[in-house]
1. Just the Kirkwood number for chain B, please: inverse of mean 1/r across all distinct Cα pairs, in Å, one decimal.
2. Can you give the net charge of the other residues whose Cβ lies under 14 Å from the Cβ of A:Glu31, counting K and R as +1 and D and E as -1?
3. Please figure out what share of the DSSP beta bridges in chain B is antiparallel and state it in percent, rounded to the nearest 5.
4. Show me the three semi-axes of the equivalent ellipsoid for the range B:1-131, from the C-alpha gyration tensor (sqrt of 5 times each eigenvalue), largest first, rounded to whole Å.
5. Treating cross-link reach as a plain straight distance, find the lysines whose alpha-carbon is under 28 Å from the alpha-carbon of B:Lys62, omitting any fewer than eight places away in the same chain.
6. Find the relative contact order for the range A:2-309 and round it to a whole percent, using C-alpha pairs within less than 8 Å whose residues are 6+ positions apart.
7. Considering just Cα atoms, how many Å³ per residue does the convex hull of chain A enclose?
8. Residue by residue through A:58-67, how many Cβ atoms from other chains fall within 10 Å of the Cβ on average?
Amino acid sequence: MSTVLTVSSHVVHGYVGNKAIIFPLQCTHWEVDNINTVNFSNHTGYGKFKGDSITPQLLTRLLDNVQPFKFLITGYIPNKTLIETLSKYLSQAREPPHSKLPFVFLMDPILGDEDQLYVDPSCVNSFKDLLYQNYIDIITPNQFELELLTDVKIKTVPNLVSALNKLKVQNIQFVIVTSCRFSPEEKFLYCVISTSSNSDIKYFKVPLIESYFTGVGDLFTGLLINKLYANYYSKANCELLDDLECLSISVNQVLTTMTKILKRTNEIGLRSGRTAEMGSLNIGPYELDLINSRDLFACKDCEFEEHTLINSFI
Amino acid sequence: MNGQILSISSHVVHGYVGNRAITFPLQYLGWNVDALNTTNLSNHPGYGKFGGSAEDPQLIVKVLEGLEEIGNSVDHYNMVLTGYMPNESILGAIKDSIFKRFNSNNHKPILVMDPILGDNGKIYVDERVIPIYKQMFCSGYVDLITPNQFEFEVLSGVSIKDITSLKQAIMAFSHAYEVKNVVLSSINIGDDMYSVGYTRGAHELFLVSIHEIPCKFFGCGDLFTGLVAHNFYKAGGKLTAQVLNDSVHKLTKVLQNTLDLERQVRGTEDIKVVNDIKIVPSAKYLLEEFGDGEVVYIEMEEA
């Protein structure tokens, strides 16, 4: 059990952002503190929602008063000034002489998916600036976000490798590209992993479920922190496995758990008689079924086969 | 099917008060908890230092409209719970938004309200919420309220010292308001502490004795309201002795475990205040079903 502060969105109804991150972590015995960057009625996939982002002043006041934590997760931060506020906090919390307690920082650079931005375009450069500050230990972009952060359009495997190599310069220990596809015909999503200490790039082929889900990336980051803690951070003195092996086991466990949750969620959605569709109220029955998945969050099974992408000698 | 609850209370970044004390336990008990936050604070004021503020009432109205537009208006829920309301504008906005839907619809969710005003003789919200609570309690829409002794004394105008004055307070409250069920989370009579249940019009009220833990726990009232709401719903919207018994027992288990853990961490037995209930490591107690405990029934002269 450890402590985490998660900075992401709050929706009253449904499971995205902090609502998708907190419950699974609490069920696996984490003490979770949460700063809500927005207060929305529901996620944007419904086609309509109401609510507001918090002000940078409020974010500053909340960050100034946080209690100590071991892990920091940042997710949905919808505008430039909020990202800059976070960045300022990090520069105080991480740089000597102000650094009080060390913590592991996972950044989910939420910008959009499948070529669509869902934050303000100014966020791209603000996240890039954060990247250059070298505060990040773990990063979990999807393909579109990796493209925006590295300015590399990913259409082929060599494109992917050069994008990852661009990130490597920032010395991020764990890089996970949560989903990647090279052509729309492929029935798989590739989940690609790489570490700063190893030149290998590994990947998993995750069968695509023909549906629409929201909050999947958020759930991924929450589950990942728990698995990385179990397989790596809580075992820092053992050093039996190298970083990449630890990451591979952790991501494999996360993907195994997620696949089960998504299948369950999809079955519930289908039973409603409605077909999942983005931008419509028909997305409603496809909210992640986290409440009935309490037994799955601690699952240690690894049901995916690990593949090696390429030796990308750096 | 999972129950759907809309819980309207405070948010703190750290610790377990308000919605943070209600959400996880109810989720763990199988509820889809839609949490609407009335504050955005770093922690509860018991820490001595905090940052943040009450939510803008306009935001709360907007978010409720947003829910309505996706087919989740308040009457869609199985249960609506209200907790910490920092000021009259927020409570007024919530009253208007909720009652508007209750007026125009057939299905009405169970409405549980914790009229948070203060404790131990001290008010810690804006006093202007009191008349709004009183209006709401006259509406006939409220199924259950869970005040503490002080709050019930303020609402009934009767101070509770013994069984006789307890009965007087309940009668005064029943005459003044139309709330279907009342749970007094805790009252002190002599050296003993009880939780009290009364259903409007019933010929008796009942008391469940509380094993008093000599320590102050922030957020235990919020957790208790969540547990009572859950049990009340499970009992088909009826306030039974079992509803109260199970809630008191679960809460006691969580608080005792909290104190035990706190003693281990601090290395001392002498603990008078616990800032954060250890809800997460006490989760298993939420799932334990407690059998019938001792209940004292007291006849009401006048129903």
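1. On the way: mean 1/r = 0.0512 Å⁻¹.
Radius from the Kirkwood sum: 19.5 Å.
2. On the way: positive: A:Lys70, B:Arg20, B:Lys278; negative: A:Asp33, B:Glu262, B:Asp276.
Cβ neighbours under 14 Å give a net charge of 0.
3. Details: 21 of 42 bridges.
Antiparallel: roughly 50 percent of the beta bridges in chain B.
4. Values: eigenvalues 118, 62, 37 Å².
Whole-Å semi-axes of the equivalent ellipsoid: 24, 18, 14.
5. A:Lys19, A:Lys48, A:Lys50, A:Lys80, B:Lys95, B:Lys100, B:Lys108, B:Lys134
6. Values: 564 pairs, mean separation 54.8, N = 308.
So the answer I get is 18 percent.
7. Values: hull volume 40.0 nm³, N = 314.
Measuring per residue, one finds 127 Å³ for the Cα hull of chain A.
8. Details: counts 4, 3, 1, 7, 11, 3, 4, 10, 5, 8.
If you average over the peptide's residues, the count of other-chain Cβ atoms is 6.
Readers should treat all values here as calculations from the given coordinates under stated rules, not as data from a laboratory. Being a predicted model, the structure only gives us computed values, none of them experimental. Cβ coordinates were reconstructed from backbone atoms using ideal geometry, including for glycine residues, and neighbour counts include every protein chain displayed.
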